[in-house]
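Taking it in order: structure first as structure tokens, then the write-up.
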There are 2 protein chains.
Amino acid sequence: MRHLPLSKAYQLLEPGPVVLLTTAHRGRANVMTMSWHMMVEFEPPLVACVVSDADFSFTALRATKECVIAIPAVELAPTVVAIGNCSGRNVRKFERFGLTPVAAEYVTPPLIAECFANLECKVIDTRLVNKYDLFILEVLKAWRTSPHVPVKTIHHQGYGKFAVDGEVITLKSKMR
Amino acid sequence: MRHLPLSKAYQLLEPGPVVLLTTAHRGRANVMTMSWHMMVEFEPPLVACVVSDADFSFTALRATKECVIAIPAVELAPTVVAIGNCSGRNVRKFERFGLTPVAAEYVTPPLIAECFANLECKVIDTRLVNKYDLFILEVLKAWRTSPHVPVKTIHHQGYGKFAVDGEVITLKSKMR
């Protein structure tokens, strides 16, 4: 995994892929599946996400204010679903699903070696946590595998149905 | 366009498609292109979105607290880009781009007939507007064309590059 300029981090999340979120609390790493996230600012990259207070990761995220957003390619889809179908309360997910934790540079939660991109994040605003479980994150460091290797991500349409990235089209645009 | 149960509205936005946002202010409808949005709650469906205060739509959204999220299929991609490349300050976009406004049921901004789904929304929380241009919306009414007609949406990867929905895969999942 190589360093990715922070100015390009939005290009990973803006398309709306299903992602994994790692946390670390009391010496133990955990990971959950997440689809409710969006970009909030380009640079420094800010991200909003919803982590339900019913999720085991909620307590870790709120207490430690750190996480990693790891982005899986389609090949990892069965694992992504399996991760979403159990809880860190009673499963050590990294071990159970054969995920390789890699030390991050700025935060305690691990990167995931099996994901093609990883974003180290800290929580910078919790004003909407109590009402909506909505966290504002700042991306401190971004990693990805070579951008020359094409990657297809997955987009959740509900109940385990995912649209896989298909054709890529390029239109002349002034939009960043 | 038919009524879509509010409980299914999240299935339209959770995959992260590029959408259009219509507003109406001082008797005039406007439309912008938007990729920074996410689901916040299933039911009633709540949505977060970022509308930059540099966008002409920002003033309308903040003042009227109403909008429609219209979801375009890939066939509309050139129009979606063109909408994003000009401002309602100096362009009457509905006329310029041949979009057909349709009266909504609960809000003043129009639905867009050319989009396969439309969500009528009101702003319910503005606490993060000043700092992040982030609005929390409640979906009041959802519309879509027949779900039996397959639709491909587009996902923006930056600078006019879009991933089009490809293969749809279904995995056994307990996730909604």
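Working from Cα pairs under 8 Å separated by at least six residues, relative contact order for region A:7-98 is 32 percent. Taken one residue at a time, the phi angles of region B:122-129 give Karplus couplings (6.51, -1.76, 1.60, θ = phi - 60°) of 10, 6, 10, 8, 10, 4, 9, 6 Hz. Gly and Pro are set to x. For region A:34-50, backbone phi angles converted through the Karplus equation (6.51, -1.76, 1.60; θ = phi - 60°) give residue-by-residue couplings of 9, 10, 9, 8, 7, 6, 10, 8, 6, 8, x, x, 10, 10, 9, 8, 10 Hz, Gly and Pro being listed as x. Rounded to the nearest Hz, the phi-derived 3J(HN,Hα) couplings of region B:90-106 under the Karplus curve 6.51 cos²θ - 1.76 cosθ + 1.60 (θ = phi - 60°) are 10, 9, 8, 5, 4, 5, 4, 9, x, 8, 9, x, 10, 4, 7, 8, 10, where x marks glycine and proline. Basic side chains Lys and Arg get +1 at the Cβ, acidic Asp and Glu get -1 at the Cβ, and with that the dipole of region A:16-164 about its Cα centre reaches some 400 debye.
Lysine pair count for region A:16-164 (Cα-Cα distance under 25 Å; residues 8 or more apart in sequence or on different chains): 12.
Residues B:THR59, B:THR23, A:THR33 ordered from highest to lowest accessible area at a 1.4 Å probe: B:THR59, A:THR33, B:THR23.
Summary value for chain B: 27 percent relative contact order, contacts being C-alpha pairs under 8 angstrom separated by 6+ residues.
Of all chain A residues, the one whose Cβ lies closest to the rotation axis that maps A onto B, given with that distance rounded to whole Å, is A:GLY16, 1. Across the identical copies, the 7 Å label point of A:LYS174, projected outward along Cα→Cβ, sits 5.1 nm from its counterparts, in ascending order.
Projecting 7 Å from Cα along the Cα-to-Cβ direction, the label point of B:ARG96 sits 5.2 nm from its equivalents in the other copies, listed shortest first.
Comparing Cα centroids, region A:1-43 and region B:47-117 end up 28 angstrom apart.
Enumerate by residue number the trypsin sites (Lys or Arg not before Pro) in region A:34-92 meeting two conditions: DSSP loop (anything except H, G, I, E, B), and at most 10 other Cβ atoms within 10 Å of the site's Cβ. Listed in order of number, the matching sites are A:ARG89. In terms of modelled amide H atoms, which long-range or inter-chain residues lie less than 5 Å from the amide H of B:LYS152? Hits under the 5 Å cutoff: B:VAL74. Remark: label point of B:ARG127 defined 7 Å out from Cα along the Cα-Cβ vector; separations to the same position in other copies 0.8 nm, ascending. Taken along the Cα-to-beta-carbon direction at a fixed 7 Å, the label points for A:THR145 and A:ILE124 span 3.0 nm.
The values are calculated or read from the model by the stated rules, or taken from the named source; none is laboratory data. A quick note: this is a predicted structure, and the numbers were derived from the prediction, not measured. Neighbour counts run over all protein chains shown; Cβ positions are idealised from the backbone, glycine included. What goes into the accessible areas is simple: the full protein's heavy atoms, side chains included, and nothing from ligands, DNA or RNA. Shrake-Rupley method; radii C 1.70, N 1.55, O 1.52, S 1.80 Å.
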